[in-house]
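The values are calculated or read from the model by the stated rules, or taken from the named source; none is laboratory data. Worth saying up front: this structure is predicted, and the values here are computed from it rather than measured. Reconstructed Cβ throughout: ideal geometry from the backbone, glycine too, with neighbour counts over all protein chains shown.
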Amino acid sequence: MTSTYFSEYHQYMARIIFHIDIDAFYAAVEQIDNPSLKGKPVIVGAKPGGRGVVSTCSYEARKYGVKSAMPISQAYRLCPNGIYLPVRMSRYLQVSKTVMHILKDYSPAFQQVSVDEAFLDMTGTERLFGPPKEVAQKIKKRIHRETGLTISIGIASNRYLAKLASEYGKPDGLFIVEKGSEVDFIDKLELKSLWGLGKKTLERLNELNITTIEQLRAYPLPLLSAVLGDAAGKYLYNAVRGIEVEIHEQETKSRSISSERTFQKDRRDLPGIKRTIMELSHEVMFRLLNDKYRSKTVTLKLRYADFTTVNIQKSLKHWVSSAEEFYGINLELLRKKWNKSRALRLIGVGLANLVPRESAEQQELFTDAYDKKRKVEETVTEIRKKIGNTKLTKASLLKYRKKPTQPPG
Ligand code: TTP
Ligand code: MG
């Protein structure tokens, strides 16, 4: 919502962009809510023994090779002594909101791009807040003090580099890509850590004996486009030069709220894709209710491994009433445009043509069956905001009991 003027802001100045990303987000919240889990391998996601995947895990669990999107069965083989916990989405959304609220204090050009990451355009804020490095340190301290979380901040002249920089410094990182050293920074990275480089593209590059970023930079644009296709060619050509490439699109057209996830590796597994849509749906719905808007227009964005992008939209006769309904419509749209043969590199869900809740109420000529459900959802959001009651987790996001469990062994 706040991103509309992000790109217009200080268009002609060298920009200072912060990318902020919470470390091991879901797992960190679990450790904060239950301090006995601190320092332990905590794995949040599907139930061990089932067919689901890991949502995320603490850095202690990463030492065993466990990571996001890995089948839970594989995680369990790698880390049988881990503490396996279910996803408590509403709690994470609540913590996310606190963090985002703090970040908004530091720049009017704030753009939340997922549940745990945001960009701040800090161009021109130096007189108010001090040098970027100091502000970043202040932000890190304040977030830690007020939530217990550690975050990583990347600072650079554009969003793509800032995102790579926050990842580079993880966890508890602060990494600055100084002006003029963009290419040197990119060269420190492994080819596979370039954002948005899918498995297929990586394989294709390997076939061409391109295994480093430096080697990739030696390829002229026409050649890259010929080998990888126009879109992927241009994307990589710019990425290896530290030139802004799109990873998160902006919500500019009409008033809309959306959230999207670019997968580190392209995906085609339905359970994982559904889970992502479920999480994104809850996140967007929470923001809609929290910002006091309503919408009848559901949008789903799919980007395939070859960069082809489709935007599908469905307009309803009634206001979207709940995260479940929203999720269901997104699945319906997914089924229309996707089959397993095509791997996905990005999924985005959104609600468009937003109407402020008050004027929406006036527009409603009659109440329908959806009204009741929506009111329940709104009440839940209000209560969550007031008291932060973690027990109000939606049942659909609770696959099994909440207490830390040792998986069956
Ligand atoms: P990330 O920021 O990618 O991961 P993270 O915060 O757990 O770890 P870090 O940033 O330190 O590397 O994603 C944020 C949250 O989104 C994550 O805590 C869980 C969720 N998520 C999934 O559910 N599935 C996924 O495949 C990914 C990548 C994230
Ligand atoms: Mg994170």
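Identification of strands (runs of 3 or more DSSP E) wholly contained in the range 294-355 with 2 or more residues that are free of Cβ contacts under 8 Å to residues at least 60 places away in the same chain and closer than 30 Å to Glu203 by Cα yields 297-304, 309-315. Beta carbons closer than 9 Å, at least 6 apart along the sequence or on distinct chains, pair a first residue in the range 73-87 that is more than 16 Å from Arg51 (Cα to Cα) with a second that is among the aliphatic types (A, V, I, L, M) and part of a strand (DSSP E or B) for Cys79/Ile43; Gly82/Val42; Gly82/Ile43; Ile83/Val42; Ile83/Ile43. A Cβ distance below 6 Å, combined with a sequence gap of six or more or placement on separate chains, defines the contacts here; from the range 122-136, residues that are touching a residue at least 40 places away in the same chain (Cβ under 8 Å) reach residues that are surrounded by fewer than 12 Cβ atoms within 10 Å (Cβ to Cβ) in the pairs Thr123/Met13. Taking the range 272-298 as the range and being at pLDDT 90 or above, surrounded by fewer than 23 Cβ atoms within 10 Å (Cβ to Cβ) and farther than 13 Å from Met89 by Cβ as the test, the residues that pass are Ile273, Lys274, Lys296, Thr297.
If you filter the range 38-71 down to residues that are assigned to a loop (DSSP other than H, G, I, E, B), more than 9 Å from ligand 1 (Cβ to nearest atom) and of a type in the set (D, E, K, R), you find that the one that is modelled with the lowest pLDDT is Arg51.
Can you find a residue in the range 250-263 that is among the small types (Gly, Ala, Ser), in a loop (DSSP other than H, G, I, E, B) and at pLDDT below 85? Within the range 250-263, one or more residues are among the small types (Gly, Ala, Ser), in a loop (DSSP other than H, G, I, E, B) and at pLDDT below 85. For the range 91-101, the criterion of a residue being within 16 Å of ligand 2 (Cβ to nearest atom), in a strand (DSSP E or B) and under 24 Å from Leu164 (Cα atoms) is satisfied by no position. Among residues of the range 45-66 that are aromatic (Phe, Trp, Tyr), those with a Cβ under 8 angstrom from a residue that is within 16 Å of ligand 2 (Cβ to nearest atom), sequence gap 6+ or separate chain, pair up as Tyr59/Asp23; Tyr59/Ala24; Tyr59/Pro171. For the range 102-117, the set of residues classified as more than 13 Å from ligand 1 (Cβ to nearest atom) and not in a helix (DSSP H, G or I) consists of Asp105, Tyr106, Ser107, Pro108, Ala109, Phe110, Gln111, listed by residue number. Hey, any hits in the range 45-64 for a residue that's surrounded by fewer than 23 Cβ atoms within 10 Å (Cβ to Cβ), under 20 Å from Leu174 (Cα atoms), within 16 Å of ligand 2 (Cβ to nearest atom) and among the aromatic types (Phe, Trp, Tyr)? Yes, some residue in the range 45-64 is surrounded by fewer than 23 Cβ atoms within 10 Å (Cβ to Cβ), under 20 Å from Leu174 (Cα atoms), within 16 Å of ligand 2 (Cβ to nearest atom) and among the aromatic types (Phe, Trp, Tyr). Scanning the range 167-217 for residues that are of a type in the set (Lys, Arg) and over 23 Å from the mean Cα position of the chain (by Cα) yields Lys179, Lys188, Arg204, Arg217. Pairing residues of the range 14-39 that are closer than 15 Å to Ala61 by Cα with residues that are in a loop (DSSP other than H, G, I, E, B) and away from ligand 2 (no atom under 14 Å from the Cβ), at Cβ distances under 6 Å and at least 6 apart in sequence or on separate chains, gives Gln31/Lys38. Check the range 125-134 and report whether any residue there is surrounded by 18 or more Cβ atoms within 10 Å (Cβ to Cβ) and hydrophobic (A, V, I, L, M, F, W, C). The answer is no, given that none of the residues of the range 125-134 is surrounded by 18 or more Cβ atoms within 10 Å (Cβ to Cβ) and hydrophobic (A, V, I, L, M, F, W, C).
Does Ile32 count as crowded, with 20+ Cβ neighbours inside 10 Å and more than 11 Å from ligand 2 (Cβ to nearest atom)? Spelling it out, it is not the case that Ile32 is crowded, with 20+ Cβ neighbours inside 10 Å and more than 11 Å from ligand 2 (Cβ to nearest atom). A count restricted to the range 323-344 and to residues that are at pLDDT below 90 and crowded, with 22+ Cβ neighbours inside 10 Å stands at 1.
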